[in-house]
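Structure first, commentary second.
The values are calculated or read from the model by the stated rules, or taken from the named source; none is laboratory data. Computed from a prediction, not measured in an experiment: that's the story for all the values here. Don't worry about glycine lacking a Cβ; one is built from the backbone with ideal geometry, like all the others, and counts go over all protein chains shown.
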Amino acid sequence: MKVSFRFYEELNDFLPEEKKKQTFEYTFTLNQTIKDAIEASGVPHVEVDLILVNSSPVDFSYKLRDDDIVSVYPVFESMDITNASPLREKPLRDIKFINDVHLGKLTKYLRLCGFDTAYRNSYIDKEIVSIAIEEKRVILTRDLQLLKNKSITHGYFLRSQFHKEQLLEVLGRFDLKDQITLFKRCMECNELLKLVDKSEISHRLQPKTILYYKHFSVCPGCDRIYWEGTHTERMKVFIESLNQDL
């Protein structure tokens, strides 16, 4: 028994060259679900937001039938297709992330931009999945097997190995360009920073820092002190360059 498959846009990243951007035949077994067929083709289910079979939307439990024509579309976090797609209850509009253990640099950049990003370099896959489900977080990873866990509803496979390009991917994929808020979150522990009067922490500052800077914040989690030094301008230039790339 065979069906015709066509994957669209960035879902082609997961396919071999001979199947990219074209219709191909897929041979299936009796009672095979469309979710299993999609992942057997190499595409993690969390990257999929809309499946059409013979031009009608179906969910992951749909069982393939001989001669079905299947079209598979990627996640539309920046577009609400709730009425068209039965795959998820709703998109995650309040975007929060959890990163796997290999994404420490990306984690700091996402926090720098103000995005709630859970991370520990000791996480095991089971913990990542559990936290993602409980706290409604998007999993960011370069581990395809992790994204194929059937319990996961929202995740993204990073195409690049380089943290600047990864940040660009995330900002573009989830349409976050206009939601960037620099220096509101601790880069080390993810807590929201709190403004503090300089007089309260002056005993912890270097003399030149006291002399040249007026505005300070403290992390309520790890007690780190932040202020707008020369690094602030460098980071603003960096983020502006990202916006131009986007």
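Data for the structure
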| read-out | value |
| --- | --- |
| Residue among Leu205, Leu246, Leu211 that is at pLDDT below 90 and touching a helix residue (DSSP H, G or I) at 6+ places or on another chain (Cβ under 9 Å) | Leu246 |
| Test result for Thr232, closer than 17 Å to Arg111 by Cα, part of a helix (DSSP H, G or I) and of a type in the set (S, T, N, Q) | yes |
| Residue check for Glu39: surrounded by 12 or more Cβ atoms within 10 Å (Cβ to Cβ), not in a strand (DSSP E or B) and not basic (Lys, Arg) | yes |
| Options Gly172, Gly221; residue that is among the small types (Gly, Ala, Ser), in the same structural domain as Arg120 (by TED's automatic domain parsing) and either surrounded by 13 or more Cβ atoms within 10 Å (Cβ to Cβ) or touching an Asp or Glu at 6+ places or on another chain (Cβ under 8 Å) (or both) | Gly172 |
| All positions within region 1-28 that are surrounded by 12 or more Cβ atoms within 10 Å (Cβ to Cβ) and part of a strand (DSSP E or B) | Lys2, Val3, Ser4, Phe5, Arg6, Phe7, Phe24, Tyr26 |
| Pairs where the first residue, in region 121-134, is assigned by TED's automatic domain parsing to the domain that holds Ser151 and the second is in a helix (DSSP H, G or I) and surrounded by fewer than 15 Cβ atoms within 10 Å (Cβ to Cβ), C-beta under 7 Å, 6+ apart | Asn121/Gly104 |
| Which listed residue, of Ser151, Ser160, is farther than 26 Å from Phe238 by Cα and of a type in the set (Gly, Ala, Ser) | Ser151 |
| One residue from Leu112, Leu106 being under 21 Å from Asp178 (Cβ atoms), assigned by TED's automatic domain parsing to the domain that holds Leu168, at pLDDT 95 or above and touching a helix residue (DSSP H, G or I) at 6+ places or on another chain (Cβ under 8 Å) | Leu106 |
| Residue selected from region 219-237 under the condition of a type in the set (A, V, I, L, M, F, W, C) and within 27 Å of the chain's Cα centre (by Cα), by the criterion nearest to Asp116 (Cα to Cα) | Cys219 |
| Any hit, region 193-202, residues being free of Cβ contacts under 8 Å to residues at least 60 places away in the same chain and under 30 Å from Glu169 (Cα atoms) | yes |
| Hey, Asp13 closer than 21 Å to Val138 by Cβ and of a type outside the set (Phe, Trp, Tyr) or not | yes |
| Top-ranked residue in region 52-67 [being surrounded by 13 or more Cβ atoms within 10 Å (Cβ to Cβ) and in contact with a Ser or Thr (Cβ under 7 Å, 6 or more places away or on another chain); ranked as nearest to Ile152 (Cα to Cα)] | Phe60 |
| Subset tally (residues that are at pLDDT 95 or above and part of a loop (DSSP other than H, G, I, E, B)) for region 62-94 | 6 |
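Quick grid of which residues meet (1) under 25 Å from Asp245 (Cβ atoms); (2) of a type in the set (Val, Ile, Thr); (3) not in a helix (DSSP H, G or I):
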{"position": "Ile139", "(1), (2), (3)": "yes, yes, yes"}
{"position": "Leu146", "(1), (2), (3)": "no, no, no"}
{"position": "Ser151", "(1), (2), (3)": "no, no, yes"}
{"position": "Tyr156", "(1), (2), (3)": "yes, no, yes"}
{"position": "Arg159", "(1), (2), (3)": "yes, no, yes"}
{"position": "Lys164", "(1), (2), (3)": "yes, no, no"}
{"position": "Leu168", "(1), (2), (3)": "yes, no, no"}
{"position": "Asp175", "(1), (2), (3)": "yes, no, yes"}
{"position": "Asp178", "(1), (2), (3)": "yes, no, no"}
